[in-house]
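Undergrad: I'd like to ask some things about the structure below.
The values are calculated or read from the model by the stated rules, or taken from the named source; none is laboratory data. Only a predicted model underlies this, so the values are computations on that prediction, with no experimental measurement involved. Quick reminder, even Gly has a Cβ in these numbers, built from the backbone with ideal geometry, and neighbours come from all protein chains shown.
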Amino acid sequence: MALWGGRFASGPADSVAALSRSVDFDWRLVQYDIRVNVAHVHGLERSGVINSQDGEKIVSTLAELSREIAGGLFSYNGEDEDVHSAVERGLIAKLGSLGGAVRAGRSRNDLVVTDFKLYLIDHILEIGSLVGELVSAFNDLAEKYSEAVAPGFTHLQHAQPISFGHELAKHSHALLRDIDRIADWLTRNDFSPLGAGALAGSSLQPDPEVTARELGFSDVHRNSIDAVSDRDFVAEALFILSVIGVHLSRIGEEFTLWSSTEFGWAKIDDAYSTGSSIMPQKKNPDIAELARGKSGRLIGNLTGLLVTLKGLPFAYNRDLQEDKEPVFDSVETLLILLPALIGMVATTTFNTEKMEASAAAGHSLATEIADFLARAGVPFAHAHEIAGKCVRVAEEKGIEVHELSNDELQATDPLLTEKIRAVLSAHGAIASRSAVGATSIASVARQISHLRVEHERSQALLVTRRNAFTEMMTI
Ligand code: ARG
């Protein structure tokens with residue numbers, strides 16, 4: 001159904017209708033559209049534009065339509081331009097001309113942005129809780145492997161030994177920041193654009209702040225032009241989803257690497273692996289690779305939207321219809337990816353013997369020699385020289401630096417007494433790093449307790465928001 005036409009001698013050309021049509025994708029907004037319409041009708045009742053009898057009739061018909069849509073009994077058709085016109089068609093089919101009364105005092109410009117905000121709140125909460133499940137999976141793994149010793153890398157070269165739990169726990173921190181960003185997003189965008197009308201506000205809807213509260217917002221827009229132009233909340237959401245994608249990609253990269261024959265650290269569960277159509281022996285880490293691959297489209301969706309927004313004149317322009325598909329794609333991509341990745345992480349097992357065997361390889365204990373000398377008062381630049389010399393001697397002998405004998409160490413520098421043995425092992429090196437945030441087993445245990453508290457806190461916040469949202473959506 002078209003929502004305009006009076007001033008046109010003819011309807012749009014078929015090609016124009018096809019170009020204009022957004023209902024095939026914006027139908028995802030339908031339940032939010034109905035809820036916003038209900039709040040709007042309540043506003044029209046308060047302002048006296050609709051009497052309370054008609055208002056009740058429209059609201060109960062909107063509720064009926066909502067149930068029919070959920071039950072698959074009502075949907076859009078080939079004539080509908082967008083979700084808003086489809087809903088109005090449904091109302092008019094049931095109520096006759098009274099169905100058209102709902103359009104008073106609002107425009108699709110403020111309606112679409114309000115619907116879209118509600119869609120995003122709903123879905124970003126769902127994504128936040130899935131990210132929380134991934135945090136929990138990493139916390140559990142980190143605890144399980146907190147005493148496992150592994151080589152730590154910089155430049156993908158052996159650097160210093162670490163607790164493998166420390167290696168795993170780092171992902172929880174990144175993912176908790178994602179949830180924090182979601183919480184920030186919810187707070188910053190907690191205002192309703194409804195009441196902005198086409199761009200100038202409405203003479204028929206005097207109290208949009210009351211409607212805002214009905215829709216679960218704690219505030220209302222303060223500039224109607226900004227309200228219909230603003231897509232910052234969309235760009236920010238796409239940024240948050242892109243950063244989540246980048247985090248999942250880096251997790252995917254790590255699990256791909258760790259499960260390679262060369263590393264041989266990770267055994268990804270069969271349920272989270274795939275085979276090859278030609279090589280019967282193959283077990284491929286496709287979930288991890290898809291996590292890495294999908295980040296590309298998430299970033300692309302953010303970039304695409306920013307380019308759409310750049311240079312737009314203020315208030316509504318039809319270009320803004322292009323804001324939805326990238327969001328639907330990013331949301332749906334993560335809703336598919338996250339459960340698979342959570343399952344993969346939670347069920348992966350690690351070969352701790354293999355990682356421990358190479359923890360001190362590549363002279364990764366050389367820093368311990370320099371630190372030992374620094375503790376004995378040697379200026380670090382000089383200590384670094386001496387430790388480097390030890391590496392050279394070891395290399396000449398074809399052994400690792402920690403395999404030098406006491407005599408060989410003494411010969412390199414008399415300060416290198418046998419006391420150094422306490423730190424010249426992977427376990428010793430790890431134990432010596434006992435500050436907050438460092439890799440000693442005790443530090444990692446404290447870190448995991450902290451992560452568990454943060455996880456609880458962030459999930460409690462999302463649950464509170466989710467309950468309020470579900471209640472608000474109930475008509
Ligand atoms: N389908 C449109 C969109 O998604 C709805 C708003 C249309 N507004 C207008 N003035 N043509 O942006």
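Conditions tested, residue by residue: (1) at pLDDT below 95; (2) over 30 Å from Leu65 (Cα atoms).
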site: Ile430; (1), (2): no, yes
site: Ser434; (1), (2): no, yes
site: Ser440; (1), (2): no, yes
site: Arg452; (1), (2): no, yes
site: Glu456; (1), (2): no, yes
site: Gln459; (1), (2): no, yes
site: Arg466; (1), (2): no, no
site: Thr470; (1), (2): no, no
site: Ile475; (1), (2): yes, no
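Undergrad: Then there is this: Regarding Ile225, is this residue of a type outside the set (Ser, Thr, Tyr), touching a residue at least 24 places away in the same chain (Cβ under 8 Å), surrounded by 19 or more Cβ atoms within 10 Å (Cβ to Cβ) and out of contact with any Pro (no Cβ under 6 Å at 6 or more places or on another chain)?
TA: Values: of a type outside the set (Ser, Thr, Tyr): yes; touching a residue at least 24 places away in the same chain (Cβ under 8 Å): yes; surrounded by 19 or more Cβ atoms within 10 Å (Cβ to Cβ): no; out of contact with any Pro (no Cβ under 6 Å at 6 or more places or on another chain): yes.
Here the answer is no, as Ile225 does not meet what is asked.
Undergrad: Now for a different question. Out of Ala366, Ala376, which single residue is touching a helix residue (DSSP H, G or I) at 6+ places or on another chain (Cβ under 9 Å), surrounded by 15 or more Cβ atoms within 10 Å (Cβ to Cβ) and within 30 Å of Val149 (Cα to Cα)?
TA: Values: Ala376 fails: surrounded by 15 or more Cβ atoms within 10 Å (Cβ to Cβ).
Matching residue, one of Ala366, Ala376: Ala366.
Undergrad: Across the range 152-182, what is the number of residues that are crowded, with 23+ Cβ neighbours inside 10 Å and farther than 19 Å from Glu454 by Cα?
TA: Matching residues across the range 152-182 total 4.
Undergrad: How many of the residues in the range 1-56 are touching a Gly at 6+ places or on another chain (Cβ under 8 Å) and either among the hydroxyl-bearing types (Ser, Thr, Tyr) or over 16 Å from Arg106 (Cβ atoms) (or both)? Steps first, answer last, please.
TA: Applying the first criterion (touching a Gly at 6+ places or on another chain (Cβ under 8 Å)) to the range 1-56 yields 2, 5, 11, 17, 40-45, 47, 49.
When the remaining residues are screened for being either among the hydroxyl-bearing types (Ser, Thr, Tyr) or over 16 Å from Arg106 (Cβ atoms) (or both), the result is 2, 5, 11, 17, 47.
The total comes to 5.
Undergrad: Looking only at the range 166-173, decide whether some residue is of a type in the set (Ser, Thr, Tyr), more than 18 Å from Gly132 (Cα to Cα) and under 29 Å from the mean Cα position of the chain (by Cα). Explain how you work it out, then say what you get.
TA: Here is the first cut: in the range 166-173, the ones of a type in the set (Ser, Thr, Tyr) are 172.
Narrowing the set further to residues that are more than 18 Å from Gly132 (Cα to Cα) leaves none.
For the range 166-173, residues of a type in the set (Ser, Thr, Tyr), more than 18 Å from Gly132 (Cα to Cα) and under 29 Å from the mean Cα position of the chain (by Cα): absent.
Undergrad: Does the range 392-402 contain any residue that is surrounded by fewer than 19 Cβ atoms within 10 Å (Cβ to Cβ) and closer than 23 Å to Ala235 by Cβ?
TA: As a first pass, look at the range 392-402 and keep what is surrounded by fewer than 19 Cβ atoms within 10 Å (Cβ to Cβ): 392-393, 395-400.
Applying the additional criterion that residues be closer than 23 Å to Ala235 by Cβ yields none.
No: zero hits.
Undergrad: For the range 1-92, give me every one of the helices (runs of 4 or more DSSP H) that falls completely inside it and has 2 or more residues that are surrounded by fewer than 18 Cβ atoms within 10 Å (Cβ to Cβ) and either modelled with pLDDT under 95 or within 16 Å of the ligand (Cβ to nearest atom) (or both). So that I can check it myself, show each step before the final result.
TA: Working: elements: 14-20, 23-26, 30-47, 52-70.
Qualifying helices (runs of 4 or more DSSP H): 14-20, 23-26.
Undergrad: Scanning for something surrounded by 11 or more Cβ atoms within 10 Å (Cβ to Cβ), without any contact (Cβ under 8 Å) to a residue 24 or more places away in the chain and under 30 Å from Val112 (Cβ atoms), does the range 305-316 turn up at least one residue?
TA: Taking the range 305-316 first, the residues surrounded by 11 or more Cβ atoms within 10 Å (Cβ to Cβ) are 305-306, 308-309, 312, 314-316.
Now restrict to residues that are without any contact (Cβ under 8 Å) to a residue 24 or more places away in the chain: 308.
Going one step further and asking which of them are under 30 Å from Val112 (Cβ atoms), we end up with 308.
Yes, because at least one residue in the range 305-316 is surrounded by 11 or more Cβ atoms within 10 Å (Cβ to Cβ), without any contact (Cβ under 8 Å) to a residue 24 or more places away in the chain and under 30 Å from Val112 (Cβ atoms).
Undergrad: Considering only residues of the range 331-361 that are crowded, with 21+ Cβ neighbours inside 10 Å and under 12 Å from Leu248 (Cβ atoms), which is nearest to the chain's Cα centre (by Cα)?
TA: Leu334
Undergrad: Mind listing just one residue for me: the one in the range 93-107 that is surrounded by fewer than 21 Cβ atoms within 10 Å (Cβ to Cβ) and among the charged types (D, E, K, R) and, of those, farthest from the ligand (Cβ to nearest atom)?
TA: Lys94
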